[in-house]
Every structure is written in structure tokens, then in C-alpha cells.
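Only one structure is covered here, and it is reproduced in the block below.
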Amino acid sequence: MKISIQINEGPYQHQASDTAYQFAKAAIKKGHEIFRVFFYHDGVNNASRFTIPPQDDRNVVNLWAELKQSDGAEIDKVVCVAAALRRGMLDESEAKKNGVDGNNIHPAFRISGLGQLIEAGIQSDRLVVFGD
Amino acid sequence: MPITKKFMYLNRKSSYGTVYAIESLEVVLIAAAFEQDVSLTFVDDGVYQIVNGQNTDGIGMKNFSKTYHALGDYDINKIYVSKESLEERGLTKDDIMPLVYEDEDDDWEEKPSVKVVSNGELSKIMSEQDVCLSF
């Protein structure tokens with residue numbers, strides 16, 4: 001089955017991202033394909049490459065970054081541009097465009113629009129939402 | 001042949017306490033361009049999103065409630081409101097914005113988009129959806 005995932009909450013504050021990750025991992029193990037993971041609302045914070053948790057805790061950003069399909073192919077991980085910019089999450093091109101002197105999106109993620117979420121809903125057999 | 005699916009946007013939270021309402025509306029407006037079968041549902045505190053006479057002057061936040069009036073122009077005319085959620089909050093249909101759309105199959109007559117339905121009816125409508133995005 002083709003599955004897409006929407007994550008609406010940031011890491012650590014809320015379990016949604018962890019649960020979504022465990023769900024994705026289990027689905028991949030069962031042979032399902034993850035069509036796309038879409039990060040929305042505070043969920044965009046899951047893509048910050050500056051996240052530094054204590055050494056004895058999981059690194060949620062890296063867990064997502066390293067998650068692959070069962071055949072080792074990359075998984076499309078999309079951060080909503082409007083939600084990201086509103087919360088100070090930028091990649092290199094958005095930083096340049098907005099005249100900001102830094103960027104913080106992990107290279108395993110890409111910034112794109114809400115159309116990617118709708119397309120995920122159209123193309124996938126299931127779209128599963130995690131959050132409050 | 002493009003795929004058309006039934007998309008429901010389920011709004012469960014009030015407008016200004018958290019960001020979910022406005023960012024849900026942003027999804028809905030983008031989604032309109034994809035020509036899917038779209039409906040909006042308001043349950044729990046989500047019914048406050050479309051109450052009449054919102055005023056944000058005292059809280060320094062943008063009043064985005066007028067945007068709901070534009071939904072009809074985006075061909076979004078199936079708006080469900082939970083009867084029980086209204087009653088639990090002491091609200092009636094008269095407290096809800098009179099959202100309308102122009103029916104192209106009926107000489108562009110202006111018709112109401114909002115339907116107050118019981119939770120039982122809602123669960124039936126929800127079970128008919130292909131995609132349900134909850135905010």
C-alpha cells in the first residue's frame with residue numbers, strides 16, 4: 001500500500017512525531033511504501049538540522065532524516081513553506097530570497113508548498129495525520 | 001484521467017488559541033486548485049471558527065474569519081456543522097456565519113453552504129470520504 005503521513009506537531013514537545021516515525025518504520029517493515037511525509041504546523045520543527053538533544057535521548061530529526069524505503073530508496077520528506085517561514089525555518093534558497101543570514105533545514109528534507117500535501121492525499125492509498 | 005477523491009477537512013479547534021484553524025484554512029484554499037470533491041466540517045470548539053461577529057482588536061491578531069465567506073467562490077459549498085457541538089456551547093445556527101455559494105446548475109442562484117447535522121449523520125458522511133484531514 002502507498003501511505004503518506006502528515007505530522008502536525010514539533011519534536012519532544014509532543015509525541016506525534018515519534019508515533020508517526022514508529023508507524024512509518026512498521027509500515028515499511030511490512031512492505032508498504034511511504035509516498036511522502038509532510039510536515040505542517042509546528043511539525044516543521046522536525047526538520048531543523050540544529051536540533052541537539054541530550055546524548056542519552058533520541059534525535060528525532062536524524063531518525064526522520066535516515067528513514068528509507070524497504071529497498072533503501074529515499075523517502076520524500078516535505079516541509080510546508082508557509083508554515084516553515086512563519087516559524088523561522090529556512091533552507092538556503094528561502095534564506096537568500098528573504099535576505100536572512102542563515103538556514104536551518106536538514107538536507108534530508110525539502111521545502112515546498114501545500115499542494116504537495118493535497119497531491120499526497122490524491123496519490124496515496126492512505127493519508128495518516130498525526131497531531132492534536 | 002485525473003483522480004477525483006472526496007476530501008474532508010475536519011476543524012476541531014477555535015480560531016485564535018492555536019494556529020490550527022488558520023493553517024487549515026490555508027490548506028483548504030490551496031486544495032481548491034486541485035479540483036477534488038471538498039467538504040469542510042466543524043466540530044467541538046471548531047464551531048467557533050465560523051461564528052458571527054468575530055473581533056480580534058483586543059488580541060492583536062489577524063481576524064481571518066472573513067476568508068470563510070470566500071469559500072463559495074472556490075466552489076466549496078459543503079460545510080457541515082455538528083449540531084451537538086453547537087448545543088454543548090449554547091450556540092444555534094443563527095450564531096453561525098451565513099456562508100453561501102452560487103449554484104451554477106441553477107442560474108447562479110445564491111444558496112446556503114452550511115448544513116447543521118447530527119454527529120450520527122456526520123459519522124456517515126465521514127465514512128464516505130477518501131481522505132480526511134483533521135486540524
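Out of B:Val28, B:Val19, B:Val116, I need the residue that is under 12 Å from the mean Cα position of the chain (by Cα) and closer than 28 Å to A:Glu9 by Cα. Which one? I'd like the intermediate steps shown before the answer.
Details: B:Val19 fails: under 12 Å from the mean Cα position of the chain (by Cα); B:Val116 fails: closer than 28 Å to A:Glu9 by Cα.
When all the criteria are applied, what remains is B:Val28.
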Select, from A:Ala84, A:Ala47, the only residue that is in contact (Cβ under 8 Å) with a residue 60 or more places away in the chain and surrounded by 19 or more Cβ atoms within 10 Å (Cβ to Cβ). A:Ala47
All-but-one check, A:Gly10 against (1) closer than 25 Å to A:Ala82 by Cα; (2) of a type in the set (Gly, Ala, Ser); (3) free of Cβ contacts under 8 Å to residues at least 60 places away in the same chain; (4) away from chain B (no Cβ under 14 Å), failing number (4)
Answer yes if at least one residue in the stretch B:17-35 is touching a strand residue (DSSP E or B) at 6+ places or on another chain (Cβ under 7 Å) and away from every other protein chain (no Cβ under 14 Å), and no otherwise. no
A:Lys77 meets each of (1) crowded, with 16+ Cβ neighbours inside 10 Å; (2) free of Cβ contacts under 8 Å to residues at least 40 places away in the same chain with one exception, condition (2)
Subset of the stretch B:1-50 (residues that are surrounded by fewer than 16 Cβ atoms within 10 Å (Cβ to Cβ), touching a residue at least 12 places away in the same chain (Cβ under 8 Å) and among the hydroxyl-bearing types (Ser, Thr, Tyr)): B:Thr4
Quick one: is A:Tyr40 in contact (Cβ under 8 Å) with a residue 24 or more places away in the chain and within 14 Å of chain B (Cβ to nearest Cβ)? yes
Quick one: count up the residues across the stretch B:93-134 that are within 22 Å of A:Phe130 (Cα to Cα) and either modelled with pLDDT under 95 or within 14 Å of chain A (Cβ to nearest Cβ) (or both). 7
Hits in the stretch A:14-57 - residues which are of a type in the set (D, E, K, R) and assigned to a helix (DSSP H, G or I): A:Asp18, A:Lys25, A:Lys29, A:Asp42
Filter result (free of Cβ contacts under 8 Å to residues at least 12 places away in the same chain, hydrophobic (A, V, I, L, M, F, W, C) and under 30 Å from B:Ser14 (Cβ atoms)) within the stretch A:99-132: A:Ile118, A:Ile122
For the stretch B:60-106, what are the residues that are buried (at least 18 other Cβ atoms within 10 Å of the Cβ), assigned to a helix (DSSP H, G or I) and touching a helix residue (DSSP H, G or I) at 6+ places or on another chain (Cβ under 6 Å)? B:Tyr68, B:Ser85, B:Leu86
Out of A:Ser70, A:Ser93, A:Ser112, A:Ser48, I need the residue that is within 13 Å of another protein chain (Cβ to nearest Cβ) and not charged (D, E, K, R). Which one? A:Ser112
Considering residues that are under 14 Å from A:Leu63 (Cβ atoms) and either in contact with a Leu (Cβ under 9 Å, 6 or more places away or on another chain) or surrounded by fewer than 22 Cβ atoms within 10 Å (Cβ to Cβ) (or both), the number found within the stretch A:18-44 is 11
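The values are calculated or read from the model by the stated rules, or taken from the named source; none is laboratory data. As the structure is a computational prediction, the values presented were derived from the model and not from experiment. Note that each Cβ is placed from the backbone with ideal geometry, even for glycine, and that neighbours are counted across all protein chains shown.
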